[in-house]
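The values are calculated or read from the model by the stated rules, or taken from the named source; none is laboratory data. What you are looking at is a predicted structure, and each value in this text was computed from that prediction instead of being measured. When we count neighbours, we look across all protein chains shown, and the Cβ atoms used for this are built from the backbone with ideal geometry, even at glycine.
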Amino acid sequence: MAAVGSTCMLVCLALMWPNSNLVTSSAPTPEDCVPGMFGNHGNGSAALWACRAQVALQRNWFPSPIAGLFSYQVWNGFDGFWQNGAVLETFANFMHYGNHTRYQTCLKSSLRQMYDLILAYAPAPSYDDMAWFGLSYLRIYEVLGDKDFLSLAQQIHDWNYQYGWDHTGTCGGGYWFYDKKTTITNVQMLQLSAKLYRHTGNSTFLERMKTTWKYIQKNGLIDQETFQVSNIATDNCTGNRDFNKTFNSGVLVGGLVEMTNILNDTSYLNLAHRVAQATIFYNSHQGVLVERCWPECDKDEYVYKGIFVRHLRYLMDVSDDITRKAYSDWLDGNIKSVISNAVCWPEMRSCNITYQDGPSLYNKTGPVFDLEWRGPFNISNPMVQAEVFDLLVANIAPGTTCHGTGCTYDPPVPPPRHLTCADKPCPTGQPCCEYHKSYTCCEETQKCVKGVCT
């Protein structure tokens, strides 16, 4: 395992949680995250910062992470619909680890029917994107106990298996991503199958978990020497040795934790630790996690580190005290680096904030964060904010409780309002392309021709 935040340790003793007592000119409201809300300074800091990050995510970018299906709503959506699905799991985790019900309506109102989810990507199916919603809906079920979310998770699983699994048996099967078999889809479905079996006892989910695991093994997606995880299985049934995406390792770790619980076999837990520690070792610089795409990451990659640390927390939850502390110390070093070096407060100075779909309905608020956790702050967007939100939630101390009226803060979810290109909703340099009453933001290299980005 890489050194745990060693370069930051001495410097950060005096700067452990800067702005932790930040005050505003007016009396705090239930929306505000105030010192003492999650306990004393040592145990409550990660939860307090997670609370602040969540408020900034909601107010700067969207009142609800999934107010509508597409990005042309009044809220500022992510670049891809899958990220809206993935962040729901973080909302549920924060509610669980922080022992509160803040933004509960956001979670409850995120439920969609299969038709709506499929429509979001019509006519081309997107099995990995659907799986993010499946995992998030299942996590929401675990936290809220609403069986409608469990039902949707099962429907997503079955739809993915019916249409996305290679039923020819080539290379042992596997889930498709267009014409490739990406690792992320397969580790997502490994975890989703396992969790569904744990919650339902339906042996079909158990068999599909085992079949997916056999596919992962057959194609050598986990390097047996370094325990890094390949991104794609090649046509000759081997991993492509592209180890550059941390979320592959993270979701696999979550699946291995589930398999340990189901099969009562500690070899899966041991493998989960090796994969997690390899990811930390090969992707840490000065004790801080860095995605290997840096500084040329695309918008999908903006959230990968957050997904890794999210699943590291699931591993921590089943680890012994010594191992758990080692992971927690490493996360703490990352958090200290982010808060010391990669944060900006719009209330205190001008912050470079990117909006995906036009300016926010609300005043800018912080803290907002940079993709580079080592700093300095350069620019923030909803994907980066969600990634840091995941980091903060991942290291909330066990037994944390919430105190005060802010623990139940649950604003209404405003109805979506369709925008048009006249609202100038697209980021600078991205042409707005309108078709009938809908629009999309083209890439900077594209032009809008008769309502289509080309």
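Are any residues in the stretch 101-117 in a loop (DSSP other than H, G, I, E, B) and either among the aromatic types (Phe, Trp, Tyr) or touching a strand residue (DSSP E or B) at 6+ places or on another chain (Cβ under 8 Å) (or both), and if so, which ones? Matches in the stretch 101-117: Tyr103 only.
Among what's in the stretch 359-411 and is of a type in the set (Gly, Ala, Ser) and surrounded by fewer than 19 Cβ atoms within 10 Å (Cβ to Cβ), pick the residue that is farthest from the chain's Cα centre (by Cα). My answer is Gly404. Residues in the stretch 265-313 that are β-branched (Val, Ile, Thr), part of a helix (DSSP H, G or I) and touching a residue at least 12 places away in the same chain (Cβ under 8 Å): Val275, Thr279, Ile280, Val303, Ile307, Val309. Considering the conditions (1) at pLDDT below 80; (2) surrounded by fewer than 16 Cβ atoms within 10 Å (Cβ to Cβ), Ser109 is excluded by exactly one of them, (1).
So which residues in the stretch 271-326 are crowded, with 16+ Cβ neighbours inside 10 Å, among the acidic types (Asp, Glu) and modelled with pLDDT under 95? The answer is Asp300, Glu301.
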